[in-house]
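Before any comments, here is the structure.
The values are calculated or read from the model by the stated rules, or taken from the named source; none is laboratory data. All of these numbers come straight from a predicted model, not from anything done at the bench. As a convention, Cβ positions derive from the backbone with ideal geometry for all residues, glycine included, and neighbour counts pool all protein chains shown. Accessible surface areas use protein heavy atoms only, side chains included; no ligands, DNA or RNA. Shrake-Rupley method; radii C 1.70, N 1.55, O 1.52, S 1.80 Å.
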Amino acid sequence: MAKVHNFSAGPCILPQEVFQEAAAAVINFDNLNLSILEISHRSASFVSVMDEARQLVKDLLGVPEGYSVLFLQGGASTGFLMAPYNLLTQNGKAAYVNTGTWAKKAVKEAKRLGNVDVVGSSEDKNYNYIPKGFEVPADADYLHITSNNTIVGTQFKEFPTVNTSLVCDMSSDIFSREVNVADFDVIYAGAQKNLGPAGATVYIVKDEVFNKSGRDIPEMLNYATHASKDSMFNTPPVYSTYVSMLNMRYMMKNGGVAGMQKKAEERAGLLYDEIDNNPLFEGTAAKEDRSNMNATFVLTDESVKDKFDAMWNAAGISGLKGHRSVGGYRASMYNALPIESVQVLVDVMKKLKG
Ligand SMILES: *Cc1c(COP(=O)(O)O)cnc(C)c1O
(Lines give C-alpha, C1' and ligand atoms only; values in the text may rest on other atoms or scores of the structure.)
Protein backbone atom coordinates (compact mmCIF):
# COMPACT_ATOMS: atom_id res chain seq x y z
CA MET A 1 0.00 0.00 0.00
CA ALA A 2 1.32 3.44 -0.93
CA LYS A 3 1.94 5.77 2.00
CA VAL A 4 -0.80 8.33 2.58
CA HIS A 5 -0.01 11.65 4.20
CA ASN A 6 -3.18 12.37 6.13
CA PHE A 7 -3.92 16.06 6.67
CA SER A 8 -7.59 15.45 7.49
CA ALA A 9 -9.26 18.07 9.71
CA GLY A 10 -11.21 15.41 11.59
CA PRO A 11 -11.81 12.63 12.26
CA CYS A 12 -8.07 12.69 12.51
CA ILE A 13 -4.95 10.68 11.98
CA LEU A 14 -3.92 8.45 14.91
CA PRO A 15 -0.68 6.51 15.43
CA GLN A 16 -0.46 3.20 13.52
CA GLU A 17 0.45 1.44 16.75
CA VAL A 18 -2.84 2.62 18.26
CA PHE A 19 -4.81 1.37 15.25
CA GLN A 20 -3.19 -2.04 15.60
CA GLU A 21 -4.01 -2.41 19.27
CA ALA A 22 -7.51 -1.07 18.65
CA ALA A 23 -8.05 -3.60 15.87
CA ALA A 24 -6.87 -6.49 18.03
CA ALA A 25 -9.33 -5.56 20.79
CA VAL A 26 -12.23 -5.82 18.36
CA ILE A 27 -11.40 -9.52 18.03
CA ASN A 28 -10.18 -10.40 21.50
CA PHE A 29 -10.23 -7.83 24.26
CA ASP A 30 -8.26 -8.31 27.47
CA ASN A 31 -7.89 -12.06 26.79
CA LEU A 32 -11.61 -12.55 27.34
CA ASN A 33 -12.07 -14.16 23.91
CA LEU A 34 -14.74 -11.52 23.46
CA SER A 35 -14.71 -8.33 21.43
CA ILE A 36 -14.60 -5.00 23.23
CA LEU A 37 -17.70 -4.26 21.18
CA GLU A 38 -19.76 -7.02 22.82
CA ILE A 39 -18.95 -6.81 26.52
CA SER A 40 -20.76 -4.96 29.28
CA HIS A 41 -19.57 -1.47 30.00
CA ARG A 42 -20.01 -2.50 33.66
CA SER A 43 -17.54 -5.38 33.30
CA ALA A 44 -14.33 -5.12 35.29
CA SER A 45 -12.34 -5.04 32.05
CA PHE A 46 -14.15 -2.00 30.71
CA VAL A 47 -14.45 -0.18 34.03
CA SER A 48 -10.68 -0.32 34.20
CA VAL A 49 -10.47 1.24 30.71
CA MET A 50 -12.72 4.11 31.76
CA ASP A 51 -10.73 4.62 34.97
CA GLU A 52 -7.43 4.62 33.14
CA ALA A 53 -8.71 6.98 30.43
CA ARG A 54 -9.87 9.48 33.04
CA GLN A 55 -6.62 9.16 34.96
CA LEU A 56 -4.51 9.62 31.83
CA VAL A 57 -6.30 12.90 31.06
CA LYS A 58 -5.39 14.04 34.56
CA ASP A 59 -1.78 12.90 34.25
CA LEU A 60 -1.21 14.31 30.77
CA LEU A 61 -2.72 17.72 31.47
CA GLY A 62 -1.79 17.97 35.15
CA VAL A 63 -5.41 18.32 36.22
CA PRO A 64 -5.45 19.55 39.84
CA GLU A 65 -7.58 18.15 42.67
CA GLY A 66 -11.21 19.19 42.62
CA TYR A 67 -11.86 18.49 38.94
CA SER A 68 -13.83 15.64 37.36
CA VAL A 69 -12.96 14.07 34.02
CA LEU A 70 -15.77 12.58 31.93
CA PHE A 71 -16.04 10.73 28.62
CA LEU A 72 -19.53 11.34 27.26
CA GLN A 73 -21.49 10.90 24.07
CA GLY A 74 -22.97 13.78 22.08
CA GLY A 75 -19.94 15.48 20.56
CA ALA A 76 -18.63 18.93 21.36
CA SER A 77 -21.89 20.23 19.90
CA THR A 78 -23.69 18.90 22.99
CA GLY A 79 -21.00 20.61 25.05
CA PHE A 80 -22.24 23.92 23.57
CA LEU A 81 -25.55 23.34 25.35
CA MET A 82 -24.15 21.89 28.56
CA ALA A 83 -22.15 25.03 29.35
CA PRO A 84 -25.20 27.33 29.64
CA TYR A 85 -27.36 24.67 31.29
CA ASN A 86 -24.81 24.21 34.05
CA LEU A 87 -23.39 27.71 34.41
CA LEU A 88 -25.82 30.35 33.17
CA THR A 89 -28.12 31.57 35.94
CA GLN A 90 -31.77 32.37 35.16
CA ASN A 91 -31.34 36.15 35.00
CA GLY A 92 -27.62 36.21 34.46
CA LYS A 93 -25.58 36.58 31.34
CA ALA A 94 -22.84 34.69 29.58
CA ALA A 95 -19.91 36.23 27.71
CA TYR A 96 -18.66 34.65 24.46
CA VAL A 97 -15.83 35.32 22.06
CA ASN A 98 -16.95 34.70 18.50
CA THR A 99 -13.99 33.34 16.56
CA GLY A 100 -15.77 31.40 13.85
CA THR A 101 -18.22 28.66 12.96
CA TRP A 102 -17.90 26.62 16.15
CA ALA A 103 -17.93 29.62 18.48
CA LYS A 104 -21.01 30.91 16.69
CA LYS A 105 -22.78 27.60 17.22
CA ALA A 106 -21.88 27.75 20.91
CA VAL A 107 -23.39 31.26 21.10
CA LYS A 108 -26.56 30.05 19.42
CA GLU A 109 -27.09 27.30 22.00
CA ALA A 110 -26.44 29.64 24.94
CA LYS A 111 -28.99 32.12 23.58
CA ARG A 112 -31.69 29.48 24.01
CA LEU A 113 -31.22 29.72 27.75
CA GLY A 114 -30.51 33.35 28.47
CA ASN A 115 -28.56 36.51 27.81
CA VAL A 116 -25.41 36.32 25.81
CA ASP A 117 -22.88 39.12 25.45
CA VAL A 118 -20.55 38.62 22.51
CA VAL A 119 -17.60 40.49 24.03
CA GLY A 120 -15.20 39.97 21.16
CA SER A 121 -15.61 38.94 17.55
CA SER A 122 -13.48 38.61 14.44
CA GLU A 123 -16.47 38.23 12.14
CA ASP A 124 -15.54 41.53 10.44
CA LYS A 125 -12.52 39.85 8.80
CA ASN A 126 -13.93 36.41 8.10
CA TYR A 127 -12.53 35.30 11.48
CA ASN A 128 -8.92 35.49 10.36
CA TYR A 129 -7.67 36.75 13.75
CA ILE A 130 -8.22 36.32 17.49
CA PRO A 131 -9.93 39.31 19.16
CA LYS A 132 -7.83 40.85 21.94
CA GLY A 133 -8.31 43.32 24.73
CA PHE A 134 -12.00 42.63 25.11
CA GLU A 135 -13.79 43.41 28.36
CA VAL A 136 -15.77 40.78 30.21
CA PRO A 137 -18.67 42.24 32.25
CA ALA A 138 -18.01 41.82 35.98
CA ASP A 139 -21.34 40.05 36.44
CA ALA A 140 -20.95 37.50 33.63
CA ASP A 141 -21.56 33.93 34.81
CA TYR A 142 -18.78 32.72 32.54
CA LEU A 143 -16.65 33.50 29.51
CA HIS A 144 -16.66 30.97 26.68
CA ILE A 145 -13.81 30.74 24.19
CA THR A 146 -12.71 28.34 21.44
CA SER A 147 -9.00 27.71 21.87
CA ASN A 148 -8.33 26.62 18.30
CA ASN A 149 -10.52 27.48 15.34
CA THR A 150 -10.34 24.37 13.22
CA ILE A 151 -11.90 25.90 10.12
CA VAL A 152 -10.17 29.26 9.82
CA GLY A 153 -6.85 28.23 11.36
CA THR A 154 -6.53 30.64 14.27
CA GLN A 155 -5.54 29.81 17.84
CA PHE A 156 -5.48 31.62 21.17
CA LYS A 157 -1.77 31.77 22.05
CA GLU A 158 -2.60 33.21 25.43
CA PHE A 159 -5.82 32.67 27.29
CA PRO A 160 -7.74 35.60 28.73
CA THR A 161 -7.55 36.12 32.49
CA VAL A 162 -11.00 36.52 33.95
CA ASN A 163 -12.73 36.90 37.30
CA THR A 164 -15.45 34.47 36.32
CA SER A 165 -15.60 30.89 35.09
CA LEU A 166 -13.54 30.32 31.96
CA VAL A 167 -15.12 27.71 29.69
CA CYS A 168 -13.15 26.48 26.71
CA ASP A 169 -13.97 24.38 23.69
CA MET A 170 -10.56 22.76 23.16
CA SER A 171 -11.70 20.24 20.56
CA SER A 172 -8.95 20.74 18.05
CA ASP A 173 -5.89 21.50 20.14
CA ILE A 174 -6.29 19.58 23.38
CA PHE A 175 -3.14 17.54 24.14
CA SER A 176 -1.12 19.54 21.61
CA ARG A 177 -0.14 22.30 24.03
CA GLU A 178 0.53 22.65 27.70
CA VAL A 179 -2.29 24.41 29.54
CA ASN A 180 -2.79 25.39 33.14
CA VAL A 181 -6.05 23.59 33.85
CA ALA A 182 -6.55 25.58 37.06
CA ASP A 183 -7.25 28.65 34.89
CA PHE A 184 -10.37 26.97 33.51
CA ASP A 185 -13.60 25.84 35.12
CA VAL A 186 -14.69 23.76 32.14
CA ILE A 187 -12.69 22.31 29.24
CA TYR A 188 -14.40 20.13 26.69
CA ALA A 189 -13.30 18.52 23.44
CA GLY A 190 -14.70 16.17 20.85
CA ALA A 191 -12.28 13.25 20.70
CA GLN A 192 -12.12 13.03 16.92
CA LYS A 193 -9.85 16.05 16.37
CA ASN A 194 -6.75 15.21 18.34
CA LEU A 195 -7.50 12.39 20.74
CA GLY A 196 -9.28 9.41 19.27
CA PRO A 197 -12.12 8.24 17.06
CA ALA A 198 -15.44 10.08 16.85
CA GLY A 199 -17.97 9.21 19.54
CA ALA A 200 -16.50 10.43 22.81
CA THR A 201 -16.29 13.94 24.15
CA VAL A 202 -13.96 14.63 27.04
CA TYR A 203 -15.00 17.06 29.80
CA ILE A 204 -12.76 18.44 32.52
CA VAL A 205 -15.00 20.21 35.00
CA LYS A 206 -14.21 21.95 38.26
CA ASP A 207 -16.48 20.37 40.86
CA GLU A 208 -17.25 23.80 42.32
CA VAL A 209 -19.33 24.74 39.29
CA PHE A 210 -21.68 21.77 39.50
CA ASN A 211 -25.27 23.07 39.43
CA LYS A 212 -24.01 26.67 39.50
CA SER A 213 -26.87 27.78 37.23
CA GLY A 214 -29.53 26.77 39.76
CA ARG A 215 -31.57 25.35 36.89
CA ASP A 216 -33.45 22.09 36.61
CA ILE A 217 -30.82 20.53 34.34
CA PRO A 218 -31.79 17.49 32.23
CA GLU A 219 -29.80 14.55 33.60
CA MET A 220 -27.90 13.87 30.39
CA LEU A 221 -26.75 17.51 30.26
CA ASN A 222 -25.76 17.74 33.90
CA TYR A 223 -22.02 17.57 34.60
CA ALA A 224 -22.72 16.57 38.22
CA THR A 225 -24.88 13.60 37.22
CA HIS A 226 -22.13 12.14 35.07
CA ALA A 227 -19.41 12.91 37.61
CA SER A 228 -21.33 11.24 40.46
CA LYS A 229 -21.47 8.04 38.37
CA ASP A 230 -17.80 8.11 37.33
CA SER A 231 -18.82 8.79 33.72
CA MET A 232 -21.09 5.72 33.67
CA PHE A 233 -24.52 7.30 34.19
CA ASN A 234 -25.53 5.76 30.87
CA THR A 235 -23.61 3.63 28.39
CA PRO A 236 -20.46 5.57 27.63
CA PRO A 237 -18.91 5.69 24.15
CA VAL A 238 -17.07 2.45 24.85
CA TYR A 239 -14.89 2.03 21.80
CA SER A 240 -14.00 5.67 21.34
CA THR A 241 -13.02 5.91 25.00
CA TYR A 242 -10.90 2.78 24.65
CA VAL A 243 -9.03 3.99 21.58
CA SER A 244 -8.58 7.44 23.15
CA MET A 245 -7.04 5.67 26.14
CA LEU A 246 -4.62 3.81 23.87
CA ASN A 247 -3.66 7.08 22.23
CA MET A 248 -3.10 8.74 25.60
CA ARG A 249 -0.83 5.85 26.62
CA TYR A 250 1.05 6.48 23.40
CA MET A 251 1.36 10.20 24.17
CA MET A 252 2.56 9.39 27.67
CA LYS A 253 5.32 7.20 26.23
CA ASN A 254 6.28 9.83 23.68
CA GLY A 255 7.08 12.84 25.75
CA GLY A 256 3.63 13.72 27.09
CA VAL A 257 1.95 16.97 26.18
CA ALA A 258 5.27 18.85 26.23
CA GLY A 259 6.56 16.41 23.60
CA MET A 260 3.40 16.82 21.53
CA GLN A 261 3.70 20.60 21.73
CA LYS A 262 7.28 20.54 20.52
CA LYS A 263 6.30 18.41 17.53
CA ALA A 264 3.31 20.64 16.76
CA GLU A 265 5.57 23.71 16.76
CA GLU A 266 8.08 22.00 14.48
CA ARG A 267 5.44 20.90 11.97
CA ALA A 268 3.73 24.29 11.92
CA GLY A 269 7.06 26.16 11.69
CA LEU A 270 8.12 24.11 8.69
CA LEU A 271 4.89 24.69 6.78
CA TYR A 272 4.38 28.38 7.65
CA ASP A 273 7.96 29.08 6.62
CA GLU A 274 7.22 27.75 3.17
CA ILE A 275 3.89 29.60 2.96
CA ASP A 276 5.67 32.86 3.85
CA ASN A 277 8.65 32.38 1.57
CA ASN A 278 6.98 30.92 -1.49
CA PRO A 279 5.43 33.69 -3.63
CA LEU A 280 2.77 31.27 -4.92
CA PHE A 281 1.19 30.91 -1.47
CA GLU A 282 -0.35 33.15 1.13
CA GLY A 283 -1.55 32.31 4.64
CA THR A 284 -5.10 33.38 5.45
CA ALA A 285 -4.81 33.81 9.25
CA ALA A 286 -3.13 36.73 11.01
CA LYS A 287 0.47 35.67 11.68
CA GLU A 288 0.44 36.13 15.43
CA ASP A 289 -2.74 34.05 15.77
CA ARG A 290 -1.89 31.19 13.45
CA SER A 291 -2.89 27.74 14.55
CA ASN A 292 -0.27 25.06 15.07
CA MET A 293 -2.93 22.46 14.27
CA ASN A 294 -4.73 23.76 11.17
CA ALA A 295 -2.80 25.86 8.67
CA THR A 296 -4.98 27.67 6.13
CA PHE A 297 -3.57 29.09 2.92
CA VAL A 298 -4.45 30.05 -0.64
CA LEU A 299 -2.66 30.23 -3.96
CA THR A 300 -1.69 33.71 -5.12
CA ASP A 301 -1.98 32.58 -8.73
CA GLU A 302 -5.14 30.58 -9.39
CA SER A 303 -3.85 29.50 -12.80
CA VAL A 304 -1.56 26.92 -11.14
CA LYS A 305 -4.39 25.38 -9.10
CA ASP A 306 -4.93 22.30 -11.25
CA LYS A 307 -1.21 21.68 -11.38
CA PHE A 308 -0.81 22.01 -7.60
CA ASP A 309 -3.80 19.77 -6.92
CA ALA A 310 -2.45 17.09 -9.24
CA MET A 311 0.99 17.32 -7.63
CA TRP A 312 -0.10 16.89 -4.02
CA ASN A 313 -2.49 14.12 -4.95
CA ALA A 314 0.33 12.32 -6.73
CA ALA A 315 2.54 12.72 -3.65
CA GLY A 316 0.00 10.75 -1.59
CA ILE A 317 -1.35 13.77 0.31
CA SER A 318 -4.94 13.48 1.50
CA GLY A 319 -7.38 15.91 3.12
CA LEU A 320 -5.82 19.21 2.04
CA LYS A 321 -8.95 20.90 0.71
CA GLY A 322 -10.01 23.99 2.68
CA HIS A 323 -13.35 24.16 4.46
CA ARG A 324 -16.13 25.28 2.12
CA SER A 325 -16.59 28.52 4.10
CA VAL A 326 -12.96 29.58 3.61
CA GLY A 327 -11.83 27.94 0.35
CA GLY A 328 -8.20 27.38 -0.53
CA TYR A 329 -6.28 24.79 1.44
CA ARG A 330 -6.11 23.59 5.01
CA ALA A 331 -3.35 21.37 6.31
CA SER A 332 -4.43 19.84 9.60
CA MET A 333 -1.40 18.67 11.53
CA TYR A 334 -2.67 16.76 14.51
CA ASN A 335 -0.44 14.97 17.04
CA ALA A 336 0.04 11.76 15.07
CA LEU A 337 1.12 13.45 11.83
CA PRO A 338 4.82 12.76 11.22
CA ILE A 339 6.95 15.76 10.30
CA GLU A 340 7.96 13.76 7.19
CA SER A 341 4.41 14.24 5.88
CA VAL A 342 4.74 18.01 6.26
CA GLN A 343 8.08 17.83 4.46
CA VAL A 344 6.39 16.04 1.55
CA LEU A 345 3.86 18.87 1.29
CA VAL A 346 6.58 21.54 1.54
CA ASP A 347 8.58 19.78 -1.18
CA VAL A 348 5.53 19.82 -3.46
CA MET A 349 5.08 23.55 -2.81
CA LYS A 350 8.75 24.21 -3.60
CA LYS A 351 8.53 22.14 -6.77
CA LEU A 352 5.46 24.08 -7.90
CA LYS A 353 7.48 27.29 -7.69
CA GLY A 354 10.20 25.62 -9.78
C1 LIG B 1 -15.28 19.77 15.23
C2 LIG B 1 -15.46 20.82 16.26
C3 LIG B 1 -16.65 20.90 17.02
C4 LIG B 1 -17.82 20.00 16.79
O5 LIG B 1 -17.59 18.76 17.34
P6 LIG B 1 -18.65 17.57 17.28
O7 LIG B 1 -17.98 16.56 18.14
O8 LIG B 1 -18.77 17.17 15.84
O9 LIG B 1 -19.94 18.04 17.84
C10 LIG B 1 -16.72 21.87 18.00
N11 LIG B 1 -15.71 22.72 18.22
C12 LIG B 1 -14.56 22.67 17.51
C13 LIG B 1 -13.47 23.65 17.81
C14 LIG B 1 -14.40 21.72 16.51
O15 LIG B 1 -13.27 21.68 15.80
Original post:
If you roll a 1.4 Å probe over the range 16-253 with all protein chains in place, what percent of the accessible area is carbon or sulfur?
Top reply: 46 percent
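Once neighbouring chains are kept in place and the probe is 1.4 Å, which whole percent of the accessible area of the range 271-345 is contributed by carbon and sulfur? Show your work: numbers first, answer last.
On the way: 1590 of 3190 Å².
The nonpolar share, carbon plus sulfur, comes to 50 percent.
What number do you get for the chain when its Cα radius of gyration is normalised by 2.2 N^0.38 Å, N = residues?
Dividing the Cα Rg of the chain by 2.2 N^0.38 Å gives 1.01.
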Subject >> Ranked packing of 75-83, 345-353, most packed first, by mean Cβ within 10 Å >> reply: 75-83, 345-353
Subject >> Over the chain: helical MRE at 222 nm, DSSP H runs n ≥ 4 each giving -39500 (n - 2.57), nearest 500 >> reply: -11000 deg cm²/dmol
**OP:** Could you work out the relative contact order of the chain, using alpha carbon pairs under 8 angstrom and six or more residues apart, expressed as a whole percent?
**Re:** 23 percent
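Calculate, for the range 256-299, the solvent-accessible area per residue in square angstrom, rolling a 1.4 angstrom probe over the heavy atoms of the protein chains. Let's see the in-between values first.
Working: 1650 Å² over 44 residues.
Each residue of the range 256-299 exposes 37 Å² on average to a 1.4 Å probe.
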**OP:** Could you pull out the trypsin sites (Lys or Arg not before Pro) across the range 36-85 that fall in loop regions by DSSP (anything but H, G, I, E, B) with no more than 11 other Cβ atoms inside 10 Å?
**Re:** R42
Subject >> Whole-number D in µm² s⁻¹ for the range 141-254, Kirkwood Cα-pair radius fed into Stokes-Einstein, 37 °C, 0.692 mPa s >> reply: 214 µm²/s
**OP:** Mind giving me the nanometre distance, one decimal, between the label points for Q55 and N234, set 7 Å out from Cα along Cα→Cβ?
**Re:** 2.9 nm
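So for the range 1-90, Kirkwood radius off the Cα pairs, Stokes-Einstein at 37 °C and 0.692 mPa s: how many µm² s⁻¹? Provide the component values of the computation, followed by the final result.
On the way: Rh = 16.6 Å.
Estimated diffusion coefficient is 198 µm²/s.
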Subject >> Residues of the range 16-253: accessible area per residue with a 1.4 Å probe, Å² >> reply: 41 Å²
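Just the ratio, please: alpha-carbon radius of gyration of the range 257-353 over 2.2 N^0.38 Å, N its number of residues. Kindly include the intermediate steps, with their values, before the conclusion.
Numbers: Rg = 12.7 Å, N = 97, 2.2 N^0.38 = 12.5 Å.
Normalised Cα radius of gyration, the range 257-353: 1.02.
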